[in-house]
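These notes are about the structure you will find just below.
The values are calculated or read from the model by the stated rules, or taken from the named source; none is laboratory data. What you see is a predicted model; the values in this text were computed from it and never measured. Virtual Cβ from ideal backbone geometry, glycine too; neighbours counted across all protein chains shown. Side chains included, ligands, DNA and RNA excluded: accessible areas come from the protein's heavy atoms. Shrake-Rupley method; radii C 1.70, N 1.55, O 1.52, S 1.80 Å.
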Amino acid sequence: MVSPSNVKNLVKILIGAAWIDGRIQPEERQYLREIAQAKGLANDPEIKPWLYELVPVEPKECYDWVREYLGDRPSLEDCENLIEAISGLIYSDGEVAVEEARLLTELQDITKQNDSTQPAHTLLLKQIQKLYRRWVEVQN
């Protein structure tokens with residue numbers, strides 16, 4: 001089950017992604033309001049100022065929220081879900097700004113890093129198992 005704070009953080013990230021190019025497009029605005037409404041956060045005191053563009057979101061804030069949301073060791077599924085959510089927002093206006101593309105690229109890089117650590121971990125584990133088996137064989 002997704003915690004309410006994670007849902008709120010996801011909505012914050014989406015708002016930050018909409019602001020990342022310096023302005024929110026009308027299609028992004030509508031998309032964000034629909035998501036906030038669907039998640040029950042349209043009137044949340046923390047979300048409302050950003051959602052209704054009373055306070056702009058700086059790109060650094062957006063990246064900080066992404067790091068907070070994903071944590072130190074995000075799962076591949078968490079990364080992919082975040083990319084999917086942000087992609088829905090970014091493509092809602094039919095154009096992708098350079099800053100938006102950069103955000104998606106960074107998330108994909110995080111995904112690749114996490115995806116590539118799994119096989120390395122598995123490979124290392126297999127090497128340790130081989131060494132252990134050899135040691136056991138030598139002992140017998």
task: Mind listing whichever residues of the stretch 12-23 are in a helix (DSSP H, G or I) and either over 18 Å from Cys79 (Cβ atoms) or touching a Pro at 6+ places or on another chain (Cβ under 9 Å) (or both)?
output: Ile15, Gly16, Ala18, Trp19
task: Can you tell me which residue within the stretch 84-104, out of those that are farther than 21 Å from Leu51 by Cβ and not in a helix (DSSP H, G or I), is most open to solvent (accessible area, probe 1.4 Å)?
output: Glu95
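Matching residues to (1) at pLDDT 90 or above; (2) small (Gly, Ala, Ser):
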{"position": "Lys39", "(1), (2)": "yes, no"}
{"position": "Leu54", "(1), (2)": "yes, no"}
{"position": "Glu77", "(1), (2)": "no, no"}
{"position": "Glu84", "(1), (2)": "no, no"}
{"position": "Leu104", "(1), (2)": "no, no"}
{"position": "Ser116", "(1), (2)": "no, yes"}
{"position": "Val136", "(1), (2)": "no, no"}
Which listed residue is of a type in the set (S, T, N, Q) and in a loop (DSSP other than H, G, I, E, B), from Asn81, Asn43: Asn43
- prompt: Does any residue of the stretch 56-72 turn out to be at pLDDT below 85 and either under 19 Å from Glu28 (Cβ atoms) or open to solvent by less than 70 Å² (accessible area, probe 1.4 Å) (or both)?
  reply: no
query: Are there any pairs, at least 6 apart or on different chains, whose C-beta atoms fall under 8 Å, with the first in the stretch 50-73 and basic (Lys, Arg) and the second in a helix (DSSP H, G or I), and if so, which?
result: Arg73/Asn114
- line: Restricting the stretch 1-47 to residues that are farther than 21 Å from Ala97 by Cα and of a type in the set (Asp, Glu), the one farthest from the chain's Cα centre (by Cα) turns out to be Asp44
